[in-house]
């Protein structure tokens, strides 16, 4: 996207061409497809096709609740989605023939389903599932007995999917935890190999570390002796990441530095492989032996003139502990270590559901506005489909429910890609049905292939995935006696109308991100300030971890806000430039803070500890002042004179017994002052620019 302003053409091109790497494991694709296809196959074989169709439809609609994470969390999500699908289906079957009642039901399901976005993407899928099943089943109202049996079959489809998803639990109890750890350790191996990096980039493993913390320490975490080893591996991963960051800042002997980073990368990659496979880390132990041999040969007895030796020794010890705990971790391992219990950082702990919902019941809430839009849009789409007597008219409100999102960019992208994908699906299905034998079992096999493609590609490119979904649904309906050609054309018409209704609903009552971006950026600066203030208390290691996690969460939220604002029309170019510049410079600040945390033990050997801690605290205060000015759009107050304090610190360190540590302090303090001053300059310059624009407009 150009930074000069919003471009509809560029937005469309980006949406159509942006293809991500698929991230769905093959085992998930196969088990989800099996839950859809097997009931239908059994129904065809036994002459109970309608029963198979209902169970398969229930599995298809709850498919995306099968997400990575601890087995307990996955079970809760799938059971909740299955229950929501069953209840929504029962309601649709019972009152679908009574227009006023079904409109009231769509408004209620739309509002409460839309409000679930406050609990995250996984829970929001449950609300979407209930809306989809409500409007689909409302098209075929039936008696109480028929409604109960139909809803039970759809609920059974969700239960079957749940069973397949949890089948490995007794035999691979810690599989999700091991895979989350493997992802982080593989990322650490990549980080270790990086000899250079861009300071403006987001610090490595931001999302992976957050996911790992939620998996190992969250409310749905597993329990058992191996979890203690996993907790140790989590803490070691944090320390290794900080150590690698600090070593990059030392500007030490480049050949020794590069050699040890390569050795560390081999150890980390081998640990990741062992965790992924659930095997003993024998290869990691051999790689660790090579690293330790080099460590003793090159560093024992050498002078520590550049500060690198201590960090290599620390990294070596952390890698040894990681190898040891990787050997003890897993359902087949025997834990022979104890570790202090680690708790999930406060920034990642969820508050009570009741309090969260109560806080969202205000027109200022993004979730509330989305809930109202969804309720009105879903009811309007259903009413229009009934008034126009559209064939397969349930696709109209169903598409509106799927496309309408809390932000403009997602609504536009999903609408565009759904229309394009549906048209592609029309062509694809027509060709496939023409060249394949007109036999039910052939069509079932073809549907299985398309279903797998849909599940695998949904997170890579939604448009291509919808093309596969179109074929899946059309073949599913054809097995139930619906003409494939009519079904495809009806789907195209209803999809286009549904997308248009969703986009109109959003534009009619929008929630533009440009009104929220400053607050998200200010929260990020506040989080960094709190992180620095915690580092001014060197012995508070638990507080360091809490504030580091909080800053990571705030940085992720700020990045998401910028991405949404970038794809909105009428975003002021000055505001977008501020956001980009501030985020880039804040990433530099984050790296400086992480380096400072990793070097705390080195700096503790220096004199004037009170002055050092006071300097870091003053930097935190300055950053807090800048955050307040950004949030309230006011001029920045007078900041503490950080540069003078930094020079005084350097003077105090002259003649220190540890010259390497004194040099580290001089370098890191200089960089911290530069980071804070740059952030203040960016915010101050932006305030003047925006004030000038407002004056010209007046």
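Each value in this text was obtained by applying a stated rule to the coordinates, not by laboratory testing. Small disclaimer: the values here were computed from a predicted structure and weren't measured. Here the Cβ positions follow ideal geometry from the backbone for every residue, glycine too, while neighbour counts run over all protein chains shown.
Segment residue 10..residue 171, full-extension length gain: 53.0 nm, with 0.36 nm per residue of separation and the alpha-carbon distance subtracted. In plain terms, the chain from residue 277 to residue 657 could stretch by 132.0 nm, reckoned as 0.36 nm per residue minus the Cα-Cα distance.
As a rough footprinting exposure proxy, the listed residues 555, 643 were ranked by other beta carbons within 10 Å of their own, and the order from fewest upward is 643, 555.
So how do 407, 490, 641, 539 line up by other beta-carbon neighbours within 10 Å, fewest first?
With the sparsest Cβ surroundings first, the list reads 539, 641, 490, 407.
Cα gyration tensor of region 576-698, axes a ≥ b ≥ c as square roots of the eigenvalues: rounded (a/c below 1.5), prolate (a/b > b/c) or oblate? In terms of gyration-tensor shape, prolate. With N the number of residues in region 175-330, Rg(Cα) / (2.2 N^0.38 Å) evaluates to 1.03.
If R0 is 25 Å, the Cβ-Cβ spacing of residue 442 and residue 50 corresponds to a FRET efficiency of close to 0.80.
Helix 642-652 and the long axis of the chain differ in direction by around 40°, with both axes built from C-alpha atoms. Which of rounded, prolate, oblate describes region 373-484, given a ≥ b ≥ c as roots of the alpha-carbon gyration tensor eigenvalues and a/c under 1.5 marking rounded, otherwise prolate only if a/b is larger than b/c? Oblate, since a/c reaches 1.5 and b/c is not below a/b. The slack between residue 358 and residue 542, meaning 0.36 nm per residue of separation minus the straight C-alpha distance, is 63.1 nm. Residues of region 136-174 with an amide N closer than 19 Å to a point placed 7 Å from the Cα of residue 27 along the Cα-to-Cβ direction: 160-174.
Please find the FRET efficiency linking residue 366 to residue 201, where r is the Cβ-Cβ separation and R0 is fixed at 41 Å, and quote it to the nearest 0.05. So the FRET efficiency works out to roughly 0.90.
Is the C-alpha gyration tensor of region 30-106 telling us rounded, prolate or oblate? Criteria: a/c under 1.5 is rounded; beyond that, a/b larger than b/c is prolate, otherwise oblate. Oblate, because a/c is 1.5 or more while a/b does not exceed b/c. Our note on the geometry: Cα centres of region 275-298 and region 96-128, 53 Å apart. Report the percentage of all Cα-Cα pairs in the chain whose separation exceeds 43 Å, rounded to a whole percent. When all Cα pairs of the chain are counted, 35 percent exceed 43 Å. Sorted fewest first by neighbouring Cβ atoms within 10 angstrom, 568, 657, 279 come out as 657, 279, 568. Helical runs assigned H by DSSP (4 residues or longer) give the chain a calculated mean residue ellipticity at 222 nm of -25500 deg cm²/dmol, each run adding -39500 (n - 2.57) before division by the residue total. Cα centroids of region 430-460 and region 654-674: 65 Å apart. Would you mind getting me the FRET efficiency between residue 388 and residue 410? Use the beta-carbon distance for r and R0 = 30 Å, nearest 0.05. Plugging the Cβ-Cβ distance into 1/(1 + (r/R0)^6) gives 0.60.
The modelled label-to-label distance for the pair residue 149/residue 634, using points 7 Å beyond Cα in the direction of Cβ, is 7.0 nm.
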